[in-house]
Amino acid sequence: MKNLINYLYFIASENGIEVVVTDRLESHDTDIAIPAARKVIINENSSTNIDVSFRLAHELSHILFGNSESDEVYSFSIGSQRTSEINANKNALSMITKFVYLDTPLEYRNYINFMNAFGLPSYFEDMVKEAIEAV
């Protein structure tokens, strides 16, 4: 996963997005994206089971594919049904699957292994299948 994290940091850097990783937050504090400031804050102490690379891709997606002029601050919420959160999940999956499966034939791509590796909940199944097939 280290190569994936490096890839995501590269995307952030190329797009002028500052990524701050901190251990000064409580376990219940979420990761956040601040589009107007082009900043993502990742909580090292987060109690979530979702892999940090997915969380980073999700927060980057708010800035890369959302309304970057928005004054809104996005807090990581894996189960939210808000359109902005669903879109961030889909865009994060797209970014990650393109990196992970670029040279892997479709018949060797396993969505269950992918979901387990990133700690994704079962209701992500359709989104994950779609993202994997789109690569």
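The values are calculated or read from the model by the stated rules, or taken from the named source; none is laboratory data. Every value quoted in this text rests on a predicted model; they were computed, and no experiment measured them. Because the Cβ atoms are built from the backbone with ideal geometry, glycine has one as well, and the counts that use them run over all protein chains shown.
Quick notes
- Evaluation of I78 against (1) closer than 25 Å to N15 by Cα; (2) surrounded by fewer than 18 Cβ atoms within 10 Å (Cβ to Cβ); (3) of a type outside the set (D, E, K, R) (one fails), failing number: (2)
- Some residue of segment 1-17 being surrounded by fewer than 18 Cβ atoms within 10 Å (Cβ to Cβ) and part of a strand (DSSP E or B): no
- Any hit, segment 56-69, residues being of a type in the set (S, T, Y), farther than 18 Å from I86 by Cβ and either assigned to a strand (DSSP E or B) or within 13 Å of the chain's Cα centre (by Cα) (or both): no
- Selection over segment 68-112 of residues that are among the charged types (D, E, K, R) and either at pLDDT 95 or above or closer than 12 Å to A134 by Cα (or both) gives a count of 5.
- Output for segment 14-41, where each listed residue is polar (S, T, N, Q) and more than 23 Å from Y101 (Cβ to Cβ): T22, S27, T30
- Condition check for E26: more than 14 Å from the chain's Cα centre (by Cα), surrounded by 12 or more Cβ atoms within 10 Å (Cβ to Cβ) and assigned to a loop (DSSP other than H, G, I, E, B): no
- Any hit, segment 92-102, residues being of a type outside the set (D, E) and farther than 19 Å from Y7 by Cα: no
- Residue in segment 35-50 that is within 18 Å of Y123 (Cβ to Cβ), buried (at least 20 other Cβ atoms within 10 Å of the Cβ) and of a type outside the set (A, V, I, L, M) present: no
- Candidate set from segment 30-63 (those that are among the acidic types (D, E) and in contact with a strand residue (DSSP E or B) (Cβ under 8 Å, 6 or more places away or on another chain)); member that is nearest to K90 (Cα to Cα): E59
- Qualifying residue in segment 42-49 (condition: outside any loop (DSSP other than H, G, I, E, B) and at pLDDT 95 or above): yes
- Pairs, first assigned to a helix (DSSP H, G or I) in segment 98-124, second modelled with pLDDT of 95 or more and of a type in the set (D, E), C-beta under 8 Å, six or more apart: L106/E133; Y111/E125; M115/E125; A117/D51; F118/D51
- Meets criteria (modelled with pLDDT of 95 or more, touching a Phe, Trp or Tyr at 6+ places or on another chain (Cβ under 9 Å) and at negative phi) for A134: no
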